[in-house]
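Notes follow the structure.
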Amino acid sequence: MITTTQLKEKIIEGLSLEDMTPDEIEDNEALFGDEGLGLDSVDAIELTLVLEKEFGVKVTNMNAAESIFATPTSLCEYINEQQTANA
């Protein structure tokens, strides 16, 4: 099981957000859009690659992607669910 802190570390590393620390990203902060972290569609692609490389998880249901990628907490829950299901 990964924690939101571990996930945020990988997000920072994978998206080259060197000026940020995991503590600066709230667990329920929006990842995309004007509110929250403010990631964009290019970041979404990079984040998808981080999930596959670091956690062995793919997002196959594009209809659910918006809710999966909503916050660090929702993304962490998805990763843990997928890793448990594939174990």
Check your understanding: Per-residue ellipticity at 222 nm for the chain, helices alone: DSSP H runs ≥ 4 residues times -39500 (n - 2.57), over residue total, nearest 500 deg cm²/dmol?
Key -> -15500 deg cm²/dmol
Practice item. Have a look at Glu77, Glu13, Glu66 and tell me which one the Gaussian network model of the chain (Cα, springs below 10 Å) gives the largest fluctuation. Key: Glu66
Practice item. Please pull out the direction-averaged projected area of the chain, using the convex hull of its alpha-carbon atoms, in nm² to one decimal place. Key: 5.2
Check your understanding: What percentage of the solvent-accessible surface of the chain, computed with a 1.4 Å probe over protein heavy atoms, is contributed by carbon and sulfur atoms?
Key -> 47
Practice item. Please identify, among Ile25, Ile12, Ile45, the residue showing maximal mean-square fluctuation in a Gaussian network model of the chain using a 10 angstrom Cα cutoff. Key: Ile45
Review point. Rounded to the nearest whole Å², what accessible area per residue is found for the chain with the 1.4 Å probe?
Key: 62
Check your understanding: Given H placed 1.01 Å from N in the peptide plane, which residues other than close sequence neighbours of Leu39 have an amide H under 5 Å from its amide H?
Key -> Phe32, Gly33
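The values are calculated or read from the model by the stated rules, or taken from the named source; none is laboratory data. Source: prediction; values computed, not measured. In case anyone asks, the SASA skips ligands and DNA or RNA and just uses the protein heavy atoms, side chains included. Shrake-Rupley method; radii C 1.70, N 1.55, O 1.52, S 1.80 Å.
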